[in-house]
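Novice: A single structure is presented below for examination.
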Amino acid sequence: MYQFAEIEKKWQKVWQEQGCFKVQKMPGRMKYYLLEMFPYPSGKIHMGHVRNYTIGDVVARFKIMQGYQVLHPMGFDAFGQPAENAAIKNNTKPDIWTRKCIEWMRQELKRMGFSYDWDREVVTCDKEYYRWNQWIFLKMFERGLAYKKASNVNWCPACATTLANEEVIDGGCWRCHTKVEQKELEQWYLKITEYKERLLEDLKLLEHWPRRVIAMQTNWIGKSEGVEIYFRLQESDKVISVFTTRVDTIFGATYLVLAPEHPSVLEIIRGKPQEREVLKFIDKVAKESKAIRAAEGVKKEGVFTGAYAINPVNNEVIPIWIADYVLMEYGTGAIMAVPTHDQRDFLFAKEHRLSMRLVIQPKEGMRLMPETMTAAYEGDGVQVNSGQFNGLPNQEAKQKIAAWMQNSGIGRIKVHWRLRDWLISRQRYWGTPIPIIYCGKCGTAPVPYEDLPVELPKDAPFTGEGGSPLSKVEEFVNTRCPRCKGQALRETDTMATFFDSSWYFLRFCSPHFTQLPFDIEEARYWMPVDQYIGGIEHAILHLLYARFFTKFFKDLGLINIDEPFRRLLTQGMVLKDGQVMSKSKGNIVDPDSIITKYGADTLRLFILFAAPPETELEWDDRGIEGAFKFLNRVWRIRKNLREKADLAVLKILHRTIKKVTEDFQEFKFNTAIASLMELTNAIYQFGADKEVFERLVLMLAPIAPHLCEELWQGLGHQESISRESWPVYDARFLVDETVTIVVQVNGKVRAKIETPRDTGEDRLKELILADQKIAALLAETPPKKFIFVPQKLVNIVI
RNA sequence: GGGCAAGUGGCGGAAUGGCAUACGCACGGGACUUAAAAUCCCGGGUCCGCAAGGAUGUGAGGGUUCGACUCCCUCCUUGCCCACCA
């Protein structure tokens with residue numbers, strides 16, 4: 001058994017003392033920026049971190065050996081609510097608690113042997129970092145991209161703070177799952193919608209992103225093309241606009257439905273007999289939160305308003321209803337209902353006995369009739385009951401109707417987006433103060449750049465409930481107006497922490513730069529990130545925000561790239577007994593205890609070997625034993641080297657170099673390790689000389705760096721193995737003089753014959769027919785056809 | 001309801017049009033040992049057979065092909081994301 005504890009400690013010290021992984025830009029040399037999503041400093045690393053960072057570390061070390069300048073930094077996403085909660089619980093301060101956690105985590109990361117340039121560490125709660133959050137905010141404010149508005153916002157009562165749309169999951173808070181309420185508040189927003197076209201369009205540039213992440217972002221941005229249609233009221237000139245993506249069904253609109261919150265509702269019902277009933281219904285819906293409205297799903301309640309509108313395409317008079325299934329947040333808050341071709345409208349119409357008209361007849365199958373339909377027909381077909389558009393395929397009619405409506409002024413072709421502006425105000429203490437001052441005389445004023453940072457006070461009386469903690473710190477709140485120098489008040493909300501992580505990858509390029517968020521020259525060299533690695537849970541929020549910030553920096557002229565992350569790898573989760581490791585399930589395996597028992601190299605090896613990076617990984621205590629056994633097996637080779645290696649082993653060696661190099665490039669670590677194991681098995685069978693063994697050690701080094709450093713030194717080398725060149729294969733060893741030809745009869749393997757490589761088809765045929773087994777099979781039924789796959793296979797059809 | 005993945009031995013997984021189950025775990029056998037552990041070597045899809053060998057086999061059913069885990073169609077199951085989105 002090799003002494004992993006000693007060896008690992010020894011080499012970690014050497015790496016640190018020699019500054020092995022410090023990196024500087026070197027113009028003219030190929031760079032490689034490898035980034036793993038930085039952690040929230042919870043205090044302990046978990047297997048998810050181990051997996052994420054091990055994958056990254058292997059790639060970083062591999063690229064260094066291939067001769068790249070590799071930027072591989074690490075930092076801490078240190079602001080956020082858990083620090084406040086922990087501080088309350090442990091009767092300490094978020095600052096102290098966070099710094100202690102960072103200290104522990106840094107030690108654990110070092111114990112894993114990761115090749116970070118620790119000189120570049122970035123901690124977001126340092127004022128040298130968050131001052132640039134404030135700087136960025138002010139730049140956005142100047143350009144109208146940061147603005148304050150009052151609106152109904154998502155409010156988590158447990159966290160006592162607002163939430164972005166992106167942070168509401170199934171109607172609950174993304175962090176504590178408490179039911180989210182709606183609250184009218186004045187809050188700061190970032191105008192991400194200004195960038196919606198580019199955020200959508202540039203997804204096309206991301207060829208090396210997982211398709212599903214692209215799909216999720218596309219979905220989230222939610223572009224839909226349709227027509228806004230103007231319906232005039234029967235009794236006045238007032239107009240109700242509706243948005244539809246199915247303008248081909250406009251002739252089938254038999255009523256309108258407004259959201260209960262629609263601003264026109266009160267006017268429409270005024271003085272009507274239905275007024276009282278409608279008000280009652282609105283009141284009832286208002287009490288229900290959005291989450292409940294969505295959750296109850298199928299139930300579609302509504303009432304008639306007593307008013308009528310005119311369908312502009314055929315001047316038909318149709319009733320106006322209000323219903324809870326129409327949402328004010330989407331479209332215009334009003335819809336045209338086409339019960340025959342929309343399932344929700346169909347259910348509602350059946351329930352309230354509203355009329356239906358078929359306008360699209362399927363091309364094949366039964367002819368539909370509204371009276372006998374049991375569900376809406378949402379597929380394609382041919383227009384009927386649609387005036388001059390009758391007989392057209394509906395997809396074609398869609399284009400023509402839209403153009404016609406636009407020309408006659410009864411509608412307008414319009415694009416609707418689902419993406420909303422990003423709410424960044426948080427009523428919490430542990431975050432970046434928003435650099436804004438309110439003056440009674442001058443109004444809202446940005447903090448002058450020279451006054452940055454607006455420092456977060458060390459002390460604030462926070463309890464986790466009621467209002468922004470900073471509002472209670474008088475020396476923070478009270479200030480002077482930058483314009484009139486009179487008494488003024490500071491903004492007391494802090495920024496959402498997703499702001500911090502939206503540009504940290506740029507800060508890593510020049511972490512100590514004092515003139516700007518980052519040094520333009522450094523960023524020009526290092527950016528974009530060549531490979532980004534992290535969890536799928538950030539597929540929307542973080543990655544969308546980071547893309548937004550990058551485009552903003554481009555507009556500021558600070559960088560000249562459109563997208564921050566060239567390639568993205570989303571690693572799978574680590575499971576135990578088929579479930580995600582979690583405290584509540586009690587199935588956590590602590591990386592620390594594994595390192596103590598087997599060493600970091602074994603842990604690294606196992607986590608790469610057990611599954612491909614993108615799939616879920618099932619933790620297996622016995623599997624880790626196997627990984628440990630393999631490393632010991634490699635360790636023992638050093639004592640049994642021969643003078644000269646067997647040709648068989650050389651062939652396998654060169655095949656392995658080819659395979660491992662290719663696999664590393666594609667992040668197929670599990671199969672790369674499998675071939676290293678095969679090579680090891682071959683060495684046990686045939687023996688190896690020093691050169692063969694050295695190349696095995698070089699290939700294993702990115703995976704098990706400590707063990708390989710020790711072996712490398714033992715083989716007589718002075719330099720760290722991490723700076724050695726990656727081995728190259730010699731193609732001459734890959735070619736054999738003879739090949740094994742698989743002989744199939746009707747697709748079934750019946751024989752294998754060994755022949756010289758260059759055997760011609762005629763000669764091969766002779767050899768095959770001479771084979772006893774094949775001859776026996778062909779005796780009864782003569783062959784119809786021979787199919788030759790050169791140097792591989794022959795299939796005989798009989 | 002929409003979108004995207006995935007389904008292969010007892011288990012993790014390999015093979016993406018050409019020998020299904022590489023590599024590892026677990027299991028069985030052997031060597032070494034007084035013995036055990038460790039180590040080294042060998043064997044394992046399933047069914048029939050002492051064996052040689054044969055049949056069968058990648059969620060189910062169909063198709064394309066000389067040949068399909070791989071491509072196409074239908075269905076089932078599981079996971080993830082979005083969702084009264086008009």
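The values are calculated or read from the model by the stated rules, or taken from the named source; none is laboratory data. Remember, predicted model here, so these are calculated numbers, not experimental data. All Cβ positions, even for glycine, are placed from backbone atoms using ideal geometry, and neighbour counts span all protein chains on display. Just so you know, the surface numbers come from the protein's heavy atoms only, side chains and all, with ligands and any DNA or RNA stripped out. Shrake-Rupley method; radii C 1.70, N 1.55, O 1.52, S 1.80 Å.
Novice: For labels at A:Gln791 and A:Arg636 in the simple 7 Å Cα→Cβ model, what's the distance in nm?
Specialist: 3.7
Novice: Given 0.36 nm per residue, what is the gain on full extension from A:Ile96 to A:Lys272 after removing their alpha carbon distance, in nm?
Specialist: Stretched fully, the A:Ile96-A:Lys272 segment lengthens by 56.9 nm.
Novice: A further question on this structure: Using a 1.4 Å probe and ignoring any ligands, DNA or RNA, find the accessible area of A:Asp577 and quote it in Å² to the nearest 10.
Specialist: Its heavy atoms expose roughly 120 Å² to the probe.
Novice: Report, by chain and number, residues whose modeled amide H sits under 5 Å from the one on A:Val122, excluding near sequence neighbours (fewer than 5 apart, same chain).
Specialist: It is A:Met74, A:Gly75, A:Phe76, by chain and number.
Novice: For segment A:521-656, with all protein chains present and a 1.4 Å probe, just round the carbon and sulfur fraction of the accessible area to a whole percent.
Specialist: 49
Novice: Distance from a point 7 Å along Cα→Cβ of A:Glu643 to each backbone N in segment A:690-711: keep the residues under 19 Å and list them by number.
Specialist: Residues passing the 19 Å test: A:690-693.
Novice: Go ahead and run the numbers for FRET between A:Thr615 and A:Ile588, Cβ-Cβ distance against an R0 of 22 Å, rounding to 0.05.
Specialist: E between A:Thr615 and A:Ile588, to the nearest 0.05, is 0.60.
Novice: For labels at A:Ser725 and A:Trp417 in the simple 7 Å Cα→Cβ model, what's the distance in nm?
Specialist: Placing both labels 7 Å along Cα→Cβ, they lie 5.1 nm apart.
Novice: Follow-up question, since we're still on this one. For the modelled label position 7 Å from the Cα of A:Gln388 along Cα-to-Cβ, which residues of segment A:408-426 have backbone nitrogen atoms closer than 18 Å?
Specialist: A:408-413
Novice: Then there is this: Using the beta-carbon distance between A:Glu455 and A:Leu205 and R0 = 51 Å, what value does 1/(1 + (r/R0)^6) give for FRET efficiency, to the nearest 0.05?
Specialist: 0.85
Novice: Separation of segment A:40-98 and segment A:523-568 by C-alpha centroid, Å?
Specialist: 19
Novice: Leaving out ligands, DNA and RNA, and with a 1.4 Å probe, what % of the accessible surface on segment A:667-712 is carbon or sulfur?
Specialist: C and S atoms contribute 49 percent here.
Novice: Checking understanding here: applying a Kyte-Doolittle mean of at least 0.5 and a length along the axis of at least 18 Å (C-alpha), which whole DSSP H helices in chain A pass?
Specialist: A:669-686
Novice: Evaluate the relative contact order of segment A:82-196 (contact order divided by residue number), counting alpha-carbon pairs under 8 angstrom at least 6 apart; express in whole percent.
Specialist: 20
Novice: Return the calculated 222 nm mean residue ellipticity for chain A, to the nearest 500 deg cm²/dmol, obtained by summing -39500 (n - 2.57) across DSSP H runs with n ≥ 4 and dividing by the residue count.
Specialist: One gets -11000 deg cm²/dmol as the mean residue ellipticity at 222 nm.
Novice: Normalised by the number of residues in segment A:569-657, what is the relative contact order in percent for Cα pairs under 8 Å and 6+ residues apart?
Specialist: 30
Novice: Per residue, what accessible area does chain A have, given a 1.4 Å probe and all protein chains present, in Å²?
Specialist: In whole numbers, chain A has 46 Å² accessible per residue.
Novice: Tell me, what % of the accessible area of segment A:715-798 is carbon and sulfur with a 1.4 angstrom probe?
Specialist: 51
Novice: Could you sort out which of A:Lys22/A:Lys458; A:Lys25/A:Lys551; A:Lys10/A:Lys597; A:Lys398/A:Lys551 sit more than 27 Å apart by Cα distance in this structure?
Specialist: In this structure, A:Lys22/A:Lys458; A:Lys398/A:Lys551 lie more than 27 Å apart at Cα.
Novice: With the cut-off at 1.5 for a/c, could you classify chain A from its C-alpha gyration tensor as rounded, prolate or oblate?
Specialist: Judged from the Cα gyration tensor, chain A comes out oblate (a/c at least 1.5, b/c at or above a/b).
Novice: Suppose R0 equals 41 Å; then what is the FRET efficiency for A:Lys441 and A:Leu185 from their Cβ-Cβ distance, rounded to the nearest 0.05?
Specialist: 0.95
Novice: If you rank A:Met1, A:Met677 by how much accessible surface each has, with a 1.4 Å probe, what is the order from largest down?
Specialist: The ranking, largest first, comes out as A:Met1, A:Met677.
Novice: Taking the simple approach of a point 7 Å from Cα along Cα-to-Cβ for both A:Cys20 and A:Lys148, what is their distance in nm?
Specialist: That separation, rounded to one decimal, is 5.3 nm.
Novice: Here's another thing I want to ask about it. For a quick check: with amide H placed at 1.01 Å from N, whose amide H comes under 5 Å from A:Gly172's, ignoring anything fewer than 5 positions away on the same chain?
Specialist: Excluding prolines and chain starts, which carry no amide H, the hits are A:Val180.
Novice: Could you run the Karplus curve 6.51 cos²θ - 1.76 cosθ + 1.60 with θ = phi - 60° over segment A:429-436 and give me ³J(HN,Hα) per residue in whole Hz, x for Gly and Pro?
Specialist: 8, 7, x, 7, x, 6, x, 9
Novice: Under 1.5 on a/c is rounded, so check that first for segment A:314-447, then, if it is not, pick prolate when a/b is larger than b/c and oblate when it is not; a ≥ b ≥ c are the square roots of the alpha carbon gyration tensor eigenvalues.
Specialist: prolate
Novice: Let me ask you something else. Tell me the relative contact order for chain A as a rounded percent, counting alpha carbon contacts under 8 Å between residues six or more apart.
Specialist: Normalised by residue count, the contact order of chain A is 14 percent.
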